[in-house]
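Everything on this sheet refers to the single structure shown next.
The values are calculated or read from the model by the stated rules, or taken from the named source; none is laboratory data. Since this is a predicted model, take the numbers as computed values, not measurements. In this analysis, Cβ positions are derived from the backbone assuming ideal geometry, glycine residues included, and neighbour counts consider all displayed protein chains.
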Amino acid sequence: MLARAGVPVTLLTGAPSPQHRHVHAITADTLRAIGQLVGTPLEGFADQPAWQVAGCQLVRAVDRPVLDARQLTAQLRKLLEHAGPAPVALVACGSVEALTTKALGWLADPQRTSDDVCIDASGGSRLILKAREPRLDLFETGGHSVYSSWQGTAAAAHPQVTLCETLASGSTALMVVDGHQVTMTWQSTRPVTEVERDRWLSNLAALAPAGLKTTVQSVTFGDHRLVHRAPMARRAAIEQLSHHTGAVLLPIGDALLQTAPQMGKGFAQLAGQCRQLRAHCQAARPDWASLALALAEGADAVFLSAALVGAAIDARMPLEQTAPQSRTRGPEAARSGLR
């Protein structure tokens with residue numbers, strides 16, 4: 001997108017994180033927005049059939065695109081070969097240290113001015129932000145959930161389908177089948193065990209039509225379970241960044257603000273930020289510092305909404321399940337007493 005706007009780009013790449021194997025349900029509008037930003041429609045992400053467990057039957061849910069992070073990355077990498085009028089230099093970094101060293105060296109270059117910008121798009125890792133400001137605070141809401149994910153394979157292939165259920169406990173199970181590839185993620189108040197996962201699969205197989213039943217019964221998962229705990233939202237306190245006379249450090253996406261899947265903000269938020277970024281590139285003299293401020297203000301609005309949702313969730317939880325206080329509370333949450 002930057003190269004298409006005529007901005008020369010140096011792109012630092014590293015090894016993908018474990019979350020890179022996740023799939024993401026997004027809206028068709030967000031999918032189109034991403035295609036418009038990169039200059040071509042994305043391929044292979046059509047609306048996917050979705051079914052929901054309701055009592056003792058499977059009912060059709062709203063079809064929506066499902067985005068595979070690996071497939072998306074592969075498409076975007078291919079587009080870099082013909083990015084636009086400005087060059088894109090791809091620099092592969094073999095480690096986190098190598099990537100952050102290059103980024104910090106670039107930021108410290110005395111020839112860089114406020115006309116230059118270093119974008120931290122490393123997601124929740126916030127690699128460049130944390131390397132430059134190790135003591136930077138993260139503001140967190142309440143409403144913590146635990147996400148348990150597995151990757152698996154099905155001996156019997158099945159066309160793309162999404163299967164989900166909201167259980168009586170409030171947990172949500174989501175499974176995506178794509179040929180022989182299977183991804184499952186649970187959102188709950190605690191880590192989900194393999195026994196619970198397999199019991200859910202057995203119940204699902206009992207409700208499924210013949211072809212899908214055969215696929216579900218043939219699924220095997222690897223030994224690795226990816227588990228992480230996250231609040232309703234987590235925001236980097238970029239207003240605490242030290243003022244420098246050189247290039248501006250600009251976090252976008254999850255590096256600036258992470259939100260829980262039920263907020264529906266992830267890719268939509270990133271697409272909106274990129275539209276602001278593209279508009280800024282078209283200015284005769286881009287003011288990156290003012291753009292950073294505008295993005296932070298937008299993140300604040302979402303963070304406050306998430307704080308209210310998180311507080312409502314915590315209020316419904318039994319005391320022993322309530323998430324501990326965040327190590328740092330945002331200014332809005334602190335004023336209102338939200339956790």
Task: region 95-139, subset in contact (Cβ under 8 Å) with a residue 40 or more places away in the chain and of a type in the set (Val, Ile, Thr), residue surrounded by the fewest Cβ atoms within 10 Å (Cβ to Cβ) - done: THR113
Task: Condition broken by ALA206, with the remaining ones in (1) touching a strand residue (DSSP E or B) at 6+ places or on another chain (Cβ under 9 Å); (2) among the aliphatic types (A, V, I, L, M); (3) not assigned by TED's automatic domain parsing to the domain that holds VAL309 satisfied - done: (1)
Open item on the list: Which condition from (1) over 30 Å from LEU167 (Cβ atoms); (2) among the basic types (Lys, Arg); (3) surrounded by 16 or more Cβ atoms within 10 Å (Cβ to Cβ) is the one that ARG275 breaks?
Closed with: (3)
- [ ] Being of a type outside the set (A, V, I, L, M, F, W, C) and in contact with an Asp or Glu (Cβ under 9 Å, 6 or more places away or on another chain) narrows it down to one of GLY272, GLY246, so name that one.
- [x] GLY246
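Report whether or not SER171 is modelled with pLDDT under 90 and over 14 Å from TRP150 (Cα atoms). Explain how you work it out, then say what you get.
Working: modelled with pLDDT under 90: yes; over 14 Å from TRP150 (Cα atoms): yes.
Criteria met by SER171.
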TODO: Quickly run through region 30-59 and pick out the residues that are more than 28 Å from ALA279 (Cα to Cα) and among the β-branched types (Val, Ile, Thr).
DONE: VAL53, VAL59
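Residues are listed down the side, and each one gets a yes or a no for (1) surrounded by fewer than 22 Cβ atoms within 10 Å (Cβ to Cβ); (2) under 16 Å from the mean Cα position of the chain (by Cα); (3) free of Cβ contacts under 8 Å to residues at least 12 places away in the same chain:
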position: THR185; (1), (2), (3): yes, yes, no
position: SER188; (1), (2), (3): yes, no, no
position: THR193; (1), (2), (3): yes, no, yes
position: GLY211; (1), (2), (3): yes, no, no
position: GLN217; (1), (2), (3): yes, no, no
position: ALA236; (1), (2), (3): no, yes, no
position: LEU241; (1), (2), (3): yes, no, no
position: PHE267; (1), (2), (3): yes, yes, no
Open item on the list: Need the failing condition index for LEU37 against (1) loosely packed, with under 12 Cβ neighbours inside 10 Å; (2) closer than 28 Å to ASP178 by Cβ; (3) hydrophobic (A, V, I, L, M, F, W, C), just the number.
Closed with: (1)
Task: Qualifying strands (runs of 3 or more DSSP E) (wholly inside region 186-244; at least 1 residues being touching a Leu at 6+ places or on another chain (Cβ under 7 Å) and under 30 Å from SER114 (Cα atoms)) - done: 233-236
Open item on the list: For region 151-172, give me the residue count where each residue is surrounded by fewer than 16 Cβ atoms within 10 Å (Cβ to Cβ) and of a type in the set (Ser, Thr, Tyr).
Closed with: 3
Open item on the list: Regarding region 123-135, can at least one residue be identified that is among the acidic types (Asp, Glu), in contact with a Ser or Thr (Cβ under 8 Å, 6 or more places away or on another chain) and not in a strand (DSSP E or B)?
Closed with: yes
Task: Residues satisfying the stated conditions in region 245-269, i.e. at pLDDT 85 or above, of a type in the set (Gly, Ala, Ser) and in a loop (DSSP other than H, G, I, E, B) - done: ALA247, ALA260
